[in-house]
1. Among (1) at pLDDT 95 or above; (2) out of contact with any Ser or Thr (no Cβ under 9 Å at 6 or more places or on another chain), there is one condition PRO124 misses while meeting the rest; what is its number?
2. Taking ILE10 as meeting all but one of (1) of a type outside the set (D, E, K, R); (2) part of a helix (DSSP H, G or I); (3) touching a Leu at 6+ places or on another chain (Cβ under 9 Å), write down the number of the exception.
3. Among the residues of the range 208-221, is any closer than 28 Å to LYS286 by Cα, surrounded by fewer than 19 Cβ atoms within 10 Å (Cβ to Cβ) and modelled with pLDDT under 95?
4. Can you spot a residue in the range 282-302 that is of a type in the set (Ser, Thr, Tyr) and part of a helix (DSSP H, G or I)?
5. If the Cβ limit is 6 Å and pairs must be 6+ apart or interchain, which residue in the range 70-91 that is in contact (Cβ under 8 Å) with a residue 60 or more places away in the chain pairs with which residue that is among the acidic types (Asp, Glu)?
6. Can you pull out every residue in the range 201-216 that is over 27 Å from the mean Cα position of the chain (by Cα), in a strand (DSSP E or B) and not small (Gly, Ala, Ser)?
7. Please determine, by comparing only the residues of the range 144-199 that are crowded, with 21+ Cβ neighbours inside 10 Å and in a loop (DSSP other than H, G, I, E, B), which one is modelled with the highest pLDDT.
8. Give ASN244, ASN288, ASN257, ASN221 a once-over and let me know the one that is free of Cβ contacts under 8 Å to residues at least 40 places away in the same chain, of a type in the set (S, T, N, Q) and closer than 30 Å to VAL87 by Cβ.
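The values are calculated or read from the model by the stated rules, or taken from the named source; none is laboratory data. Given the structure is predicted, the values throughout are model-derived calculations rather than measurements. All Cβ positions, glycine included, derive from the backbone under ideal geometry; neighbour counts span all protein chains shown.
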Amino acid sequence: MAHDLYDTTIIGGGPAGAAAAVYAGRKKLKTLMLTESFGGQSAVSSSIENWIGEKTITGEALAQKLEEHVRRQEGVEINMPQRVVGVKEAPECTFEVSTDKDAVYRSKTLIVASGARRRRLNVPGEDEFDGKGVAFCSTCDAPLFQDEDVAVVGGGNAAFETVIDLMAYARKIYLLWRDPLEGDPVTREKVEKASKVSIIGSVEVEKITGDQSVSGLSYRNSETGETKDMSVKGVFVEIGSVPNSEFLQGLVEINENGEIVIDHRTARTSKDGIFAAGDVTADPFKQNNIAAGDGVRAALSVYYYVLDMKKHSPCSE
């Protein structure tokens, strides 16, 4: 079923998508937002301490604030939960966006702010014990590991924050990382100073073991080749993310990492009429504040693009 023609359709409800929607609404663009939820990957964070204007805020509270702000904008229609599964060019200088609800929407422009999803280890036992000791959300699952030994796999901010979440519950926390530790030095320092945290570097997890649930894992030292077993009841995977860009394959330029290539001055992609912002793009800094700014840039670029269509395009109306 095809719907009305929109000036722009925003795909995603994280900081980039929400910021784009607020600015599109204020510019009086007929706007549609398609998203599964609000907040993006940060929605599961127990404490966000670098969102400008807030000393600390939970991911859930941030998601609520983003949604409330978008809903205050006249002319912005929100359809959720909807996951975009396809985009194609349509007649009269438009695009057709299809979703997992078998809906089809027509739009003059698109702002792709679909973010990213958690990267997986892809080792034996990860899928088998998903939800049975293997976890991807410390805010959701940390309380399940009261007085247990757990492992966190990763070396960036997400891994550090997961360790901090687990400190209130777990007896012992092993932080396993393959590449050099990265992330915010302040958060990293908290982890390194914690007495219940043991950091084991230059290792790769080879398998996760158990019976009905996780009982341990095996890892290999990438420098010595030595393999060791570790007894843990939980494995939290925090090794980065994968851009949600599959639905644009073949339509816009996408790099080897799956990120959408954009002009960082305008947020334009390689396809006229399609703009992108946030973690789905090739911006090297995956931060909420940067994503929000990218969303604003995309919305303003769309506004002037639509104005130009109305002035010069034979198929703008």
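1. (2)
2. Of everything listed in (1) of a type outside the set (D, E, K, R); (2) part of a helix (DSSP H, G or I); (3) touching a Leu at 6+ places or on another chain (Cβ under 9 Å), ILE10 misses just condition (2).
3. Among the residues of the range 208-221, not one is closer than 28 Å to LYS286 by Cα, surrounded by fewer than 19 Cβ atoms within 10 Å (Cβ to Cβ) and modelled with pLDDT under 95, which makes the answer no.
4. The answer is yes, given that some residue of the range 282-302 is of a type in the set (Ser, Thr, Tyr) and part of a helix (DSSP H, G or I).
5. From residues that are in contact (Cβ under 8 Å) with a residue 60 or more places away in the chain, the pairs are VAL85/ASP100; LYS88/GLU96.
6. Answer for the range 201-216, where residues must be over 27 Å from the mean Cα position of the chain (by Cα), in a strand (DSSP E or B) and not small (Gly, Ala, Ser): just THR209.
7. Per the stated criteria, the residue is ALA170.
8. Of the residues listed, the single one that is free of Cβ contacts under 8 Å to residues at least 40 places away in the same chain, of a type in the set (S, T, N, Q) and closer than 30 Å to VAL87 by Cβ is ASN257.
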